[in-house]
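Chemist: Below is a structure I'd like to ask you about.
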Amino acid sequence: MKIILLISLIKIGIFNLKSLIFNKNNIAKRLRINEGIRVPKVLLVDGDDTSEVAIEDALKRAKEKGLDLVEVSPLSSPPVCKIMDYGTHLYSQKKKDRKQKKSQKQTETK
């Protein structure tokens, strides 16, 4: 059912197939946070606790802790969400990307 709907959305041009592919340079643009998550139930990872809860309860737990609800695996069923500080996550991701780029070897062609 989901595959048929996805194929029909791709055919009529509403959904772009490239948006399903996670490019490492655009990972921050692909993650949905807080109210951007539009599914009724999520698999919530909160430290060592993992449970399937309604999105309203997950958002409530995140707000109580003063953190963000981040959808880390949108393609699974139900989507996996994690409670974390999104700003810190972005900073560490960019720092890791810069470190990897710095350690790459450049090759010259003659």
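Chemist: What percentage of the solvent-accessible surface of the stretch 26-110, computed with a 1.4 Å probe over protein heavy atoms, is contributed by carbon and sulfur atoms?
Modeler: Whole-percent figure for carbon plus sulfur exposure: 50.
Chemist: Here is a follow-up. What distance in nm separates the simple spin-label points at Glu64 and Arg32, each placed 7 Å from Cα in the Cβ direction?
Modeler: 2.4
Chemist: Also, I was wondering about something else. Heavy-atom accessible area of Ser76 with all protein chains present, probe 1.4 Å, nearest 10 Å²?
Modeler: Around 40 Å² of this residue is reachable by solvent.
Chemist: Mind checking which aspartates and glutamates have their C-alpha under 18 Å from Lys105, skipping anything on the same chain fewer than 8 residues away?
Modeler: Cross-link targets: Asp97.
Chemist: Label Lys99 and Ser73 with points 7 Å out from Cα along Cα→Cβ: what is the distance between them in nm?
Modeler: 2.4
The values are calculated or read from the model by the stated rules, or taken from the named source; none is laboratory data. If you're wondering where the values come from, they're calculated on a predicted model, not measured in any experiment. Backbone-built Cβ (ideal geometry, glycine too); neighbour counts: all protein chains shown. Keep in mind that these areas ignore ligands, DNA and RNA; they rest on the heavy atoms of the full protein, side chains included. Shrake-Rupley method; radii C 1.70, N 1.55, O 1.52, S 1.80 Å.
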